[in-house]
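Following: one structure in structure tokens, then a few remarks.
Throughout, read-outs are computed from the coordinates displayed, never taken from laboratory work. The structure presented is a predicted model; accordingly, all values stated were derived computationally and were not measured. All Cβ positions, even for glycine, are placed from backbone atoms using ideal geometry, and neighbour counts span all protein chains on display.
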Amino acid sequence: MIKKVAVLLVILLFIIAVLASDPDPVMDFCIAKSADNSFTCKNSSTATVEDFTYSGIKFAGNFKQTGFSSMAVNSNVFPGLNTLGVSFVRADFGVGGVNVPHFHPRATEVAFVLEGKIYSGFVDTKNKVFAKVLEKGEVMVFPRGLVHFQMNVGDGPATILGSFDSQNPGLMRIPNAVFGSDIEEELLEKAFGLSSKELSKLKKRLTSPTLFATLYRFTPLEPHFNLVIGGKDLASMEIDPTISIS
């Protein structure tokens, strides 16, 4: 009986593992042919090297207005990635630019710092923060579905290249998901201890077009950062005072 239960558990774990990842391809490649918006495969005999290369992230995105810019590289813009179970993103930061807390429900991310100094980290399900300042050439992994964030703490622009183990990792920005959705305002007021007026102001700030890509500016007052939105101090985030941001 115990042996049968053990075998059943192994089978269930295998099924869960399969369901939790992109399906394996059944051919060498399947270049997306999206003329009708349904990813059918391009005839492999007509494939060229251009189907397997992409130049859309050679240059930095425009982060002057918001302090942050991101360019996704997935099968929508790079058809050669279709069915391969991977995708990428280039993120560029102005000085003090922030990629707000967010998560990818369908993928683990590996972030490689191409340039600059980035305060980077994630929060686990026990609310423990794992964060440090990464410099050029360093890498950090963000486990699937966990909230993570980045902030440029250097004195010049910074760039990260992120890779995902899914061709469609998904993206949920916490501020927009909470305050930019149709959640009942009464619930938000009770959950965050806000008055109706305070909630209205907060929703307006956090869902404005210039803030969608997220503009937070920081003042380095060790051992914490002041996070400022619209010229007003919104909150402070305690960090290890031994971390250097100079």
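Extending 7 Å from Cα along the Cβ direction at K33 and again at V49 yields two label points whose distance is 2.4 nm. Couplings for the stretch 151-157, taken from phi via the Karplus curve 6.51 cos²θ - 1.76 cosθ + 1.60 with θ = phi - 60°, read 8, 6, 10, x, 9, x, x Hz in order; Gly and Pro are left as x. In loop segments of the stretch 64-167 as defined by DSSP, the trypsin sites (Lys or Arg not before Pro) with at most 12 further C-beta atoms inside 10 Å of their C-beta are K64, K126, K128. For the stretch 48-94, the alpha-carbon coordinates run over 37, 19, 11 Å along the three principal axes, in decreasing order.
When H102, H148 are arranged by Cβ crowding within 10 Å, least crowded first, meaning fewest neighbours, the order is H102, H148. In this structure the amide hydrogen of G96, modeled in the peptide plane, comes within under 5 Å of the amide hydrogens of N152, G154, none closer than 5 places in sequence on its chain. In this rough spin-label picture, where each label sits 7 Å from Cα along the Cβ direction, the E185-D124 distance is 4.0 nm.
Length available on full extension from T40 to L199: 0.36 nm per residue minus the Cα-Cα distance, which gives 52.7 nm. If R0 equals 35 Å, the separation of the Cβ atoms of K136 and A177 corresponds to a calculated FRET efficiency of about 0.65.
Work out how much length N76 to F112 would gain on full extension: take 0.36 nm times their residue separation and subtract the Cα-Cα distance, in nm to one decimal.
10.7 nm
The fewest-to-most ranking of D92, D51 by surrounding Cβ atoms within 10 Å reads D51, D92.
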